[in-house]
Amino acid sequence: MTGSTTTVAAPVLTTGHVGMNVSDIDRSAEFYRRALGFEQITSGGEGRTRFVFLGLDGRLMLALWAQSDGEFSTSTPGLHHLSFQVDDMEQVRSVEAKLRELGVDLVHDGVVAHGEGVSSGGIFFTDPDGIRLEVYAPAGAETAPAPHGAAPTCGFF
């Protein structure tokens, strides 16, 4: 369509679920259940078609697929990190305590703000395949350090 402008009304979109390839589906499913409190909704398949669907209150949030070898790549196009929002900083700190109990290393030493003077912030860590994860709250991190000053941070640069 050269020279014409067409406007199409887009539907309101929300994220449905995230599908991830993992190298050890049992290990990953256990990690997401224990560290983040996900419930297993269903599982099935065999070999490289094996899957585990995880969610909360029956709502599918993560689909894990046994279709990967190796570790998550930060140097190729694709996912930068997966972020989970909670209501408040108390819930972020609860997840942080659970991760520490499980021996999960945090990228920063606790909660960091998303930027200098920004109220949102959270914790940053990786899953067993090195997939970068964040749990954050939209407010309550005003006094937390900002790892990169005024530059926006998603905790991994």
- Task: Starting from the Cα of Val86, step 7 Å along the direction of its Cβ; do the same at Arg33; then give the gap between the two resulting points in nm.
- Result: 2.1 nm
- Tell me, what % of the accessible area of segment 1-111 is carbon and sulfur with a 1.4 angstrom probe? 48 percent
- Could you pull out every residue, at least 5 positions away or on a different chain, whose amide H is within less than 5 Å of the one on Gln67? Hs are placed 1.01 Å off N in the peptide plane, and Pro or chain starts have none. Val22
- Query: Taking GluC sites (Glu not before Pro) as exposed when DSSP calls them loop (any state but H, G, I, E, B) and at most 15 other Cβ atoms lie within 10 Å, what is the longest stretch of the chain free of them, the sites themselves excluded?
  - Reply: 1-45
- Query: With each label point set 7 Å from Cα along the Cα-Cβ vector, what nm distance links Ala9 and Ser119?
  - Reply: 3.4 nm
- Query: Beyond 16 Å, what share of the Cα-Cα pairs of segment 45-90 remains, rounded to the nearest whole percent?
  - Reply: 62 percent
- Note on the structure: Once the mean of 1/r over all distinct C-alpha pairs in segment 18-157 is inverted, the Kirkwood radius in Å reads 15.7 Å
- Neighbour-limited loop hits for trypsin sites (Lys or Arg not before Pro), segment 34-105 (at most 12 other Cβ within 10 Å; DSSP other than H, G, I, E, B): none
- Message: At 0.36 nm per residue, and after removing the present C-alpha to C-alpha distance, how many nm does the segment from Ser23 to Thr42 gain when stretched out fully?
- Response: 5.0 nm
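The values are calculated or read from the model by the stated rules, or taken from the named source; none is laboratory data. Note that the coordinates shown come from a computational prediction; the quantities given were computed from them, not determined experimentally. Backbone-built Cβ (ideal geometry, glycine too); neighbour counts: all protein chains shown. Ligands, DNA and RNA are stripped out before the accessible areas are found, and what is left, the full protein with its side chains, is counted by its heavy atoms. Shrake-Rupley method; radii C 1.70, N 1.55, O 1.52, S 1.80 Å.
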